[in-house]
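The structure appears right after this line, and notes come after that.
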Amino acid sequence: MPVHDGDKAEVRADRRRVWHTPWLPVLLGVLCYLNSLTGGFVYDDYPLVEANPRIRTLTDPRAIWLTDWWRPAEEDESGNPRRDRLYRPLTLFTFALNYAVGGLKPVGYHATNVALHAAVCGLVWLATRRLLGDPSVATVAGVLFAVHPVHVEAVANIVGRAEVLAAGFLLLGILVLRPSDQVLGKQRIILAALAFLLALFAKETAICYPLIAALVLAERAAAWSLRRRVLYAACLLAPLLVYLPLRYVALEGKLFRAQPADDLMNPLVTAPLGERLLAALTILGHYTRLLLVPQRLSCDYGLAIVDPSRGVTGMTVLGLLTAVGGLLGLVAGLLRPAWRPVTLLCGMLIASYVLISNTVLLIGVSLAERLFYWPSVPALMLVALGLVSFWRRGCAAGGLLAPRRRLLGVLGGLLLAALGLRTVVRNMDWADNLTLFEQDVATYPQGAHLNACYASAMLQVARETGDPAERERLLLRARRHLDAAVAIAPSFVQALTAGGQVRAQLGDRDGARIWLERALWLRPGDREARRTLARLQQSDPNTAGRLEALQAAVEQRPDDVEGLLALGNALMEAGHFLEARRPLERAATLAPADARVLRQFAKSLLFPELDERAVTFFQRAAALDPDDWETHVNLTALLSKTDPAGALAHAKRAMQLRPDDERVQINMAEALALNGQVAEALERLRRIETRLSPDDPRRAMLRARVARLEQDRR
């Protein structure tokens with residue numbers, strides 16, 4: 001029986017309907033990430049999942065809903081004042097659910113991430129269909145989103161779940177505002193507000209939703225009364241009245257971090273204004289490259305992968321072209337109604353990108369692939385819209401490329417396959433820390449943090465291996481990468497400390513001391529450096545014998561001030577600060593007018609945790625011996641937060657006593673800055689920097705401090 005042309009057309013239409021449904025993106029989203037199920041805990045998964053006591057209970061809501069995201073990783077807040085102030089209780093709650101079901105087996109956490117990503121892929125299809133009204137564009141957008149490698153960090157890395165959850169709820173919020181029956185009542189506005197609140201609880205970048213909602217509703221809202229607009233706007237913003245107070249309480253009276261981010265992870269924090277603005281375009285160029293050519297991927301884009309001082313680069317030019325294109329797309333719909341979908345998507349992309357762009361607010365990282373998970377939704381919708389329009393114009397019957405339609409279709413399929421294959425391969429990189437950092441260091445060998453992380457992963461393997469030859473090989477490789485990290489970032493304290501530890505394990509005691517002392521010069525309170533230095537002292541038989549002799553002498557003459565002082569000094573040199581406090585406190589009681597004793601007891605109160613009595617005893621020592629410069633240096637630092645004027649007075653006295661000491665000069669500059677004399681502080685810091693040798697790690701520290709003071713002054 002012959003088949004008529006009408007029947008053929010109907011068959012083709014049926015086939016298209018089969019393909020143009022959400023199931024294809026969902027299926028591809030699962031297939032591309034199946035091999036991530038074999039991965040373990042990687043990178044930030046360790047502090048936030050494996051070692052996080054808060055996710056091990058569902059009966060204490062305060063542990064999850066009223067605490068900082070990073071609390072388990074940063075038990076001593078004073079040790080890292082620049083740590084991110086983040087509040088993501090819903091994401092933590094899902095980790096707790098995973099733990100309740102399967103404990104700490106990574107496969108359950110990974111399976112949840114894959115399932116959530118698959119759901120988001122389906123939501124991308126539905127949202128594109130609702131916004132643009134074209135199932136073909138929806139299918140292309142959903143498929144591109146499902147297979148794109150830029151999403152690996154958000155899906156294969158367990159803590160990337162925050163991105164996936166936030167994106168899912170944002171998409172639900174969009175779907176609620178664009179109902180298929182075109183009826184938008186108060187119930188839907190309330191549901192949209194609930195989706196917004198849940199997205200905020202997943203990750204703070206969801207703050208962009210009100211602006212996106214305004215764009216989605218713009219055309220329809222033009223016909224509304226002013227009262228209705230105000231009512232709906234109030235409903236959509238109401239979740240902030242819940243979220244912000246909870247965030248404030250959870251972050252212990254703060255909404256953001258107390259100090260700027262660390263320049264190691266975000267080099268823009270120390271960049272002058274001009275370099276920072278230029279770097280914002282460079283970062284946009286990196287995101288554009290990741291979207292279009294995701295060949296080179298990395299879990300870290302800190303110093304010096306992103307280097308603001310390099311000026312205009314290829315990525316800067318690409319970022320500028322992207323910015324110009326985005327602005328043109330934003331106004332296109334105002335000129336031609338047919339371009340309104342482009343304007344909508346460009347507006348959504350800009351609204352989604354602002355918070356992660358480092359323009360309005362400096363965040364914890366310069367850029368990160370996981371941060372692009374949600375902004376890639378409108379970006380890939382735009383790409384899909386362009387591809388489908390190109391296909392219909394150029395490849396339809398009579399089109400210029402119609403004869404090559406089949407070839408272009410094959411090439412398109414191969415491109416999708418290549419993207420999916422890159423995703424599958426990248427999943428394998430996220431199997432464990434050693435594999436991840438080895439691959440990423442090979443991609444970006446100039447990354448200071450990457451080199452240090454790779455060395456840390458090798459040290460972990462070295463601790464677990466029973467083969468001495470393999471252990472030595474790993475230690476030597478770790479030392480090489482730590483050397484590279486410090487060469488890139490001379491004031492990288494963690495790398496200096498780790499470098500000292502590696503040298504100690506390799507038997508290079510002198511080299512270990514040099515590296516650990518450099519770390520302590522930069523950060524006197526660094527516990528790990530002090531502990532390692534103390535272990536070096538303990539392993540010295542002369543130190544052990546001396547301590548035994550001094551302890552025996554004190555037992556024979558418990559009221560001998562000199563003996564108590566000698567024992568306290570020896571214990572402090574060996575890193576036993578807590579043990580040193582007992583003989584030194586006894587000596588201070590016996591000799592309350594001896595400045596030496598009071599000063600040494602005050603020093604023992606500084607570490608490992610600051611004792612409030614340190615200020616009192618340093619002040620008593622200064623009153624008895626006003627010509628001891630070290631006492632004034634310590635008081636300058638201790639009074640900097642509570643009494644800036646007093647800190648400046650002690651800094652000036654220290655300068656009179658020891659004007660050529662660099663530590664005294666730096667303290668003087670800091671005290672001047674605290675008291676509003678920033679110009680003089682900057683001048684002093686610049687003078688100190690010019691006198692240091694080019695390879696001195698303090699140069700980088702001073703340069704960063706100068707940049708931060710200049711930025712604050714602006």
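Since every read-out is calculated from the coordinates, none of them should be taken as a lab result. This is a predicted model, so every value here is computed, not measured. Because the Cβ atoms are built from the backbone with ideal geometry, glycine has one as well, and the counts that use them run over all protein chains shown.
Here the simple spin-label model places points 7 Å from the Cα toward Cβ, and for residue 691 and residue 641 these points are separated by 3.0 nm.
Each principal axis of the Cα cloud of the stretch 447-518 was taken in turn, and the coordinate range along them, longest first, works out to 34, 27, 14 Å. Among 343, 616, the ranking by other beta carbons within 10 Å of each residue's beta carbon, starting with the fewest, stands as 616, 343. The tail of the calculated P(r) for the stretch 540-625 beyond 16 Å holds 49 percent of all Cα-Cα pairs. Using the Karplus relation 6.51 cos²θ - 1.76 cosθ + 1.60 with θ = phi - 60°, the per-residue 3J(HN,Hα) values for the stretch 462-474 come to 4, 5, 8, 7, x, 8, x, 5, 5, 4, 5, 4, 5 Hz, with x marking Gly and Pro. Modelled label positions at residue 240 and residue 582, each set 7 Å beyond Cα in the direction of Cβ, lie 5.7 nm from each other. Sequence-distant contacts, meaning Cα pairs under 8 Å at least 6 residues apart, place the relative contact order of the stretch 381-466 at 14 percent. Could you tell me which of the pairs 603/652; 254/652; 254/603; 203/254; 254/641 are separated by over 26 angstrom between their Cα atoms in the structure shown? Exceeds cut-off: 254/652; 254/603.
Label separation (residue 517 vs residue 417): 6.3 nm, computed from points 7 Å beyond Cα along the C-beta direction. For a label point 7 Å from the Cα of residue 390 along Cα→C-beta, name the residues of the stretch 311-330 whose backbone N is under 13 Å from it. Residues passing the 13 Å test: none.
When the helices of the chain are scored as -39500 (n - 2.57) per DSSP H run of n ≥ 4 and the total is divided over every residue, the value at 222 nm lands at -22000 deg cm²/dmol. Spread over its residues, the convex hull of the C-alpha atoms of the chain is 212 Å³ per residue.
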